[in-house]
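Q: Attaching a single structure in structure tokens format; questions to follow.
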Amino acid sequence: MAEDTSSDNREAKRPQFGTRNLPLDGNVFQHNAWDNVTWDEEQEKLAQQKVDENSIVTQSSEQLLKHDTEADKYWDKFYDIHNNGFFKDRHWLLIEFPELAPNTVKQETERPMRAALTDKDQNQGDKHIKILSLPCKDGCKILEIGCGVGNTVFPILMYNTDPKLFVYCCDFSAKAIDILQQNPAYNVNRCKAFVLDVTQETWTTPFELESLDIIVLIFVLSAIHPDKMQHVVRQIHRYLKPGGIVLFRDYGRYDLAQLRFKKGNCLGENFYARGDGTMVYFFQQEDVRKLFTDNGFNEEQNFVDRRLQVNRGKQLRMYRVWVQAKYRKAST
């Protein structure tokens, strides 16, 4: 009896992650998600109306101070409740940021355009380019800030075969670091996890100034009070080597999560408290650009990633918005 390879063939024809674009006459419920979704003026206007509505009532300065000063406690409780079974490893990051595991592909390998997209490239659709330069290939030192329970760290350790690679990772939740260190994939010969509140004036770290090749910020800066973001970026600049790079991805303005907030959760402009006490900010491209370029970085990528996720069973459409960027410290 011949082997049924129809499912394999269907999978082979499936567009790569980041390049599944919805045709104008396409069936929106054909897949669970669509990439690079275009918003019209009416959709953006309605989103702004929802933001205006959920921002009418703001929490008091005392409540804001409590969320800020006790952020580690809220996140400890969050990780204590969810432990590590709630989270999925971010294997997709290695497609979005090939710098994290450059030795998994040949340097000249073509990748989807979104893997190195800039403002001036955004209208080039799914055109491919070649990745010609990566920040480090041998003995790379990476730091992930806000590592949680390791869902970015462990895919890097799995796919990056550089024997001299070393990944540092920190979080201000001691509970998260404890869960990460208990993971069987935690290898002290290639990884060091430690507790650090990056909003503190000075950092106590297991590495020196200007010693890191890559710093990863994935859905972490949004959890920090906007007034403290400048300090964090300045510290990042101090610890990166000349020529080192920041890989950034976080919540964008009008993301579904922002539109779902109810009145009374707003802490400030585009800044909210979740029901569990943790905080979240929603960025625009210009927020991110100014934050890094004002503090000594050169922009290599900054784009809004708009995705349409669908619930095919309930016939629901859910629009996600993220900002993805890369900033490099100037070489001396």
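Q: Failed condition for F194, given (1) within 26 Å of N295 (Cβ to Cβ); (2) in contact (Cβ under 8 Å) with a residue 40 or more places away in the chain, with all others met?
A: (2)
Q: Mind listing whichever residues of the stretch 261-280 are closer than 20 Å to A223 by Cβ and in contact with an Asp or Glu (Cβ under 8 Å, 6 or more places away or on another chain)?
A: G277, M279
Q: If D250 satisfies every condition in (1) of a type in the set (D, E, K, R); (2) part of a strand (DSSP E or B); (3) under 21 Å from Q59 (Cα atoms) but one, which is the exception?
A: Condition (3) is where D250 drops out.
Q: Please work out if V216 is modelled with pLDDT of 95 or more, in a loop (DSSP other than H, G, I, E, B) and under 24 Å from D76 (Cα atoms).
A: No.
Q: Going through the stretch 243-276 one residue at a time, which ones are small (G, A, S) and touching a Phe, Trp or Tyr at 6+ places or on another chain (Cβ under 7 Å)?
A: Result: G252, A257.
Q: Could you tell me whether the stretch 170-181 includes any residue that is surrounded by fewer than 20 Cβ atoms within 10 Å (Cβ to Cβ), assigned to a loop (DSSP other than H, G, I, E, B) and over 15 Å from the mean Cα position of the chain (by Cα)?
A: No, the stretch 170-181 contains no residue that is surrounded by fewer than 20 Cβ atoms within 10 Å (Cβ to Cβ), assigned to a loop (DSSP other than H, G, I, E, B) and over 15 Å from the mean Cα position of the chain (by Cα).
The values are calculated or read from the model by the stated rules, or taken from the named source; none is laboratory data. All of these numbers come straight from a predicted model, not from anything done at the bench. A quick note on method: Cβ atoms are made from the backbone with ideal geometry, for glycine too, and the neighbour counts reach across all protein chains shown.
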